[in-house]
Amino acid sequence: MDSIQTDRLFSVLADETAREIFGLVSDSPRSAQDIHERCETSLKTVYRRLEALEDADLVSTMTRPGEQGPYTVYVSTINEIDISIHPDSKDVDIAVQRDDDDVDQFISIWDELQE
């Protein structure tokens, strides 16, 4: 991960609301409206934080069918972030484990639709 990506990651995770939103979409795919209701913050703020999380490649969007037509949900793109700080060299190593298995994500969403 280069220094620009590292800075972007630290910047977005420094924000408490972004961390709360990231935690919510890590549990299960959620719409912006659902996130707004759970975070007790303005919908505008939710969209701004989601955009920042997308820019940092921490979340992505998926389209779901709904009673009133398709709608967007946000999902986490990673399973784990490991951060190592080396005090002697002042280097920071970040290891990101991504969930690249689209089949598992599809099955998870399908299971939720069936409930």
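The values are calculated or read from the model by the stated rules, or taken from the named source; none is laboratory data. All figures in this text were calculated on a predicted structure; none of them were measured in a lab. Note: ideal-geometry Cβ built from the backbone for every residue, glycine included; neighbour counts use all protein chains shown.
Worth pointing out:
- Against the conditions (1) surrounded by 15 or more Cβ atoms within 10 Å (Cβ to Cβ); (2) out of contact with any Asp or Glu (no Cβ under 8 Å at 6 or more places or on another chain); (3) of a type in the set (Val, Ile, Thr), Ile78 satisfies every one except (2).
- Val12 vs. criteria surrounded by 16 or more Cβ atoms within 10 Å (Cβ to Cβ), in a helix (DSSP H, G or I) and modelled with pLDDT under 95: yes
- Enumeration of residues in region 31-88 that are among the charged types (D, E, K, R), under 16 Å from Leu13 (Cα atoms) and either part of a loop (DSSP other than H, G, I, E, B) or within 14 Å of the chain's Cα centre (by Cα) (or both): Arg48, Arg49, Glu51, Glu54, Asp55, Asp57, Glu80
- Restricted to region 20-37, and to residues there that are exposed (fewer than 15 other Cβ atoms within 10 Å of the Cβ) and free of Cβ contacts under 8 Å to residues at least 40 places away in the same chain, the residue that is nearest to Ala95 (Cα to Cα) is Gly23.
- Check on Asp34, at pLDDT 90 or above, under 21 Å from Gln97 (Cα atoms) and out of contact with any helix residue (DSSP H, G or I) (no Cβ under 6 Å at 6 or more places or on another chain): no
- Residues that are surrounded by fewer than 10 Cβ atoms within 10 Å (Cβ to Cβ) and of a type in the set (Gly, Ala, Ser) within region 52-75 comprise just one, Gly69.
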